[in-house]
Amino acid sequence: MKVAMISEHASPLAALGGVDAGGQNVHVAALATALARRGHSVSVYTRRDSADLPPRVQVGKGVEVVHIDAGPPTHVPKDELLPYIPLLGDRVAADWEFSAPDVVHAHFWMSGLAALNAVRLYAAGSNQRYRQSLQASRIPVLQTFHALGTVKRRHQGAQDTSPADRQFLEPSVGQSVDRIIATCPNEVFELKAMGIDATKVSVAPCGVDLDLFSDQGPAEERGRKHRILSVGRLVPRKGVDLVISALARLAEQGRDDVELVIVGGGGTADDLAADPEGRRLQELAREVGVADQVVFRGQVSRDAMPGIFRSANAVVCTPWYEPFGIVPLEAMACGVPVVAAAVGGLGDTVLNHRTGLHVPPKDPEATATAIARLLDNPEMAAAYGQAGERRVRARYSWDRVAQETEKAYRKALRGSAAAEYSSVGGVAL
Ligand code: UDP
């Protein structure tokens with residue numbers, strides 16, 4: 001099958017850890033590669049955000065990244081991209097002129113808009129060319145939202161910088177696409193609350209690269225007896241401040257044998273002072289008296305991540321909300337137990353008292369208690385780590401996710417063929 005993925009802001013080639021570069025980039029890159037392993041050919045369309053990028057980059061057998069000129073060739077925050085989305089769709093459709101995809105898979109709501117626009121344009125063009133042909137194609141569009149505006153608005157309120165039109169454009173994308181691929185059951189619930197018909201939703205989780213992330217291999221040396229780890233984009237909703245506050249609670253109890261390593265940010269550790277969230281977290285660590293126990297690492301490359309995960313006694317994920325969360329899967333793949341706020345996808349991936357411990361969201365006290373339990377019970381922590389490793393191997397390989405995704409593509413193709421047949425049936429040929 002020829003698959004066109006659209007990922008407007010999140011390129012598979014981007015460095016991770018900045019405000020707009022995280023799970024979606026990983027997801028698109030790994031899913032495209034896993035689909036290619038299954039024999040499909042995948043073109044990932046993303047907006048050109050640097051003048052140096054070549055128009056097309058072959059990133060492996062069966063996967064290419066296509067950089068589309070839409071807006072300035074520099075980084076534009078994703079919440080300011082909407083004006084360029086119609087042009088993105090136009091140019092994607094132009095690229096299909098000589099070789100159209102069988103399915104389009106859009107990632108994030110604005111890519112959904114671009115995909116629907118591209119498919120409409122392509123259909124108009126091909127209808128002209130093959131006016132009376134049964135082949136006049138309707139390419140099905142599948143949508144993975146990655147995050148929903150309704151959830152973001154609920155949690156971030158006035159701090160939500162999404163364009164105001166998202167509140168009606170995003171549900172309309174959900175209603176117009178052929179199928180939606182939700183990453184967890186909680187998302188299906190949210191989609192229903194947006195008025196979307198749940199019968200057109202398939203569920204396929206995010207995955208983890210099991211060749212890269214494993215419990216075998218070297219672990220980075222710790223600076224103190226125990227190490228807890230936080231990994232992710234440095235944005236307030238990831239709740240890294242809660243982990244610092246939990247560390248302060250542990251320090252108040254006389255535990256100075258714990259270090260907290262924080263991975264993420266748009267540049268090196270030295271650049272963090274120029275990053276508003278990086279600065280806020282550094283100030284907080286000083287205020288609560290744990291600055292010497294916190295190590296800010298800034299952006300860390302993929303290859304260096306497994307050694308850092310393996311060095312941790314526990315990975316702590318305390319977001320306010322989390323559409324899915326790939327970091328806990330990476331921790332589990334490395335055999336490390338996870339302390340997770342029981343929100344969104346984390347409620348499914350991390351099993352309470354089996355692969356880690358759940359804590360209520362925004363609760364540094366409970367987070368500190370959970371971390372202490374794992375540190376004080378190394379056998380229990382090791383058992384949770386091993387159970388986590390088994391769990392991700394059984395359920396969260398990208399090959400398995402690609403298989404589920406392919407099923408959704410086939411359902412969408414069957415649906416669009418049926419729709420085409422019924423519309424052709426009404427036309428005098
Ligand atoms: N990540 C990374 N280097 C960094 C920061 C993050 O490789 O410096 C990766 C992390 O390992 C994970 C992804 O970025 O694969 C974050 O994905 P997640 O789904 O946890 O969060 P999202 O970014 O989607 O909110």
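Only one residue in ALA164, ALA158 is of a type outside the set (Val, Ile, Thr), more than 16 Å from the ligand (Cβ to nearest atom) and in a helix (DSSP H, G or I). Which one?
Selected residue: ALA158, the only one of ALA164, ALA158 that is of a type outside the set (Val, Ile, Thr), more than 16 Å from the ligand (Cβ to nearest atom) and in a helix (DSSP H, G or I).
When ARG310 is evaluated against the numbered criteria (1) among the charged types (D, E, K, R); (2) under 22 Å from ALA331 (Cα atoms); (3) surrounded by fewer than 20 Cβ atoms within 10 Å (Cβ to Cβ), which criterion, by number, is the only one it fails?
Result: ARG310 passes all but (3).
Of SER111, SER99, which residue is away from the ligand (no atom under 16 Å from the Cβ) and touching a residue at least 12 places away in the same chain (Cβ under 8 Å)?
Result of the check over SER111, SER99: SER99.
Just wondering, is there one or more residues in region 370-387 that are closer than 20 Å to VAL235 by Cβ and at pLDDT 95 or above?
no
Exactly one of these conditions fails for GLY223: (1) in a strand (DSSP E or B); (2) surrounded by fewer than 18 Cβ atoms within 10 Å (Cβ to Cβ). Give me its number.
Answer for GLY223: the failing condition is (1).
Can you tell me which of LEU35, LEU31, LEU13 is under 21 Å from the mean Cα position of the chain (by Cα), part of a helix (DSSP H, G or I), within 15 Å of the ligand (Cβ to nearest atom) and of a type outside the set (Phe, Trp, Tyr)?
None of the other options fit; the residue is LEU31.
Can you find a residue that is within 13 Å of the ligand (Cβ to nearest atom), more than 20 Å from HIS226 (Cα to Cα), assigned to a helix (DSSP H, G or I) and not hydrophobic (A, V, I, L, M, F, W, C) anywhere in region 311-327?
Among the residues of region 311-327, not one is within 13 Å of the ligand (Cβ to nearest atom), more than 20 Å from HIS226 (Cα to Cα), assigned to a helix (DSSP H, G or I) and not hydrophobic (A, V, I, L, M, F, W, C), which makes the answer no.
Quick one: in region 345-363, which of the residues that are surrounded by fewer than 24 Cβ atoms within 10 Å (Cβ to Cβ) and in contact (Cβ under 8 Å) with a residue 40 or more places away in the chain is farthest from the ligand (Cβ to nearest atom)? Give the steps one after another, and end with the answer.
Initially, region 345-363 is screened for residues surrounded by fewer than 24 Cβ atoms within 10 Å (Cβ to Cβ), giving 347-348, 351-354, 358, 360-363.
Filter once more, keeping what is in contact (Cβ under 8 Å) with a residue 40 or more places away in the chain: 347-348, 351, 361-363.
Values: GLY347: 15, ASP348: 13, LEU351: 18, PRO361: 15, LYS362: 17, ASP363: 20 Å.
Result: ASP363.
Identify, from the list VAL300, VAL339, VAL243, the residue that is touching a strand residue (DSSP E or B) at 6+ places or on another chain (Cβ under 9 Å), in a helix (DSSP H, G or I) and either farther than 24 Å from ASP20 by Cα or not polar (S, T, N, Q) (or both).
VAL243
Of the residues that sit in region 123-143 and are open to solvent by less than 30 Å² (accessible area, probe 1.4 Å) and part of a helix (DSSP H, G or I), which one is modelled with the lowest pLDDT?
Among those residues, the one meeting the criterion is SER126.
Have a look at ARG279, ARG233, ARG286 and point out the one that is on the phi < 0 side of the Ramachandran plot and assigned to a loop (DSSP other than H, G, I, E, B).
After applying the criteria, what remains is ARG233.
Can you run down the residue pairs with Cβ atoms below 9 Å, 6 or more apart or on separate chains, where the first is in region 144-166 and exposed (fewer than 14 other Cβ atoms within 10 Å of the Cβ) and the partner is modelled with pLDDT of 95 or more and not charged (D, E, K, R)?
Partner pairs satisfying both residue conditions: ARG154/TYR321; GLN159/PRO236; THR161/PRO77; ASP165/LEU82.
Just one of PRO54, PRO86, PRO73, PRO77 is open to solvent by 20 Å² or more (accessible area, probe 1.4 Å), modelled with pLDDT of 95 or more, within 16 Å of the ligand (Cβ to nearest atom) and at negative phi; which is it?
PRO77
Of the conditions (1) within 21 Å of the chain's Cα centre (by Cα); (2) within 30 Å of ARG120 (Cα to Cα); (3) surrounded by fewer than 21 Cβ atoms within 10 Å (Cβ to Cβ), PRO236 satisfies every one except a single condition; which number is it?
Answer for PRO236: the failing condition is (2).
Mind counting the residues in region 258-301 that are more than 16 Å from the ligand (Cβ to nearest atom), open to solvent by 40 Å² or more (accessible area, probe 1.4 Å) and acidic (Asp, Glu)?
Residues flagged as more than 16 Å from the ligand (Cβ to nearest atom), open to solvent by 40 Å² or more (accessible area, probe 1.4 Å) and acidic (Asp, Glu) within region 258-301 amount to 3.
State whether the residues of region 202-211 include one that is under 19 Å from PRO328 (Cβ atoms), outside any helix (DSSP H, G or I), open to solvent by 60 Å² or more (accessible area, probe 1.4 Å) and among the hydrophobic types (A, V, I, L, M, F, W, C).
yes
Assuming VAL315 fulfils every condition listed in (1) more than 30 Å from VAL203 (Cα to Cα); (2) surrounded by 24 or more Cβ atoms within 10 Å (Cβ to Cβ) apart from one, which condition is it?
(1)
The values are calculated or read from the model by the stated rules, or taken from the named source; none is laboratory data. Keep in mind the model is a prediction, meaning the values are calculated, not measured. Glycine gets a Cβ as well: all are built from the backbone with ideal geometry, and neighbour counts include every protein chain shown. Calculation scope for accessible area: heavy atoms of the full protein, side chains included, ligands and nucleic acids excluded. Shrake-Rupley method; radii C 1.70, N 1.55, O 1.52, S 1.80 Å.
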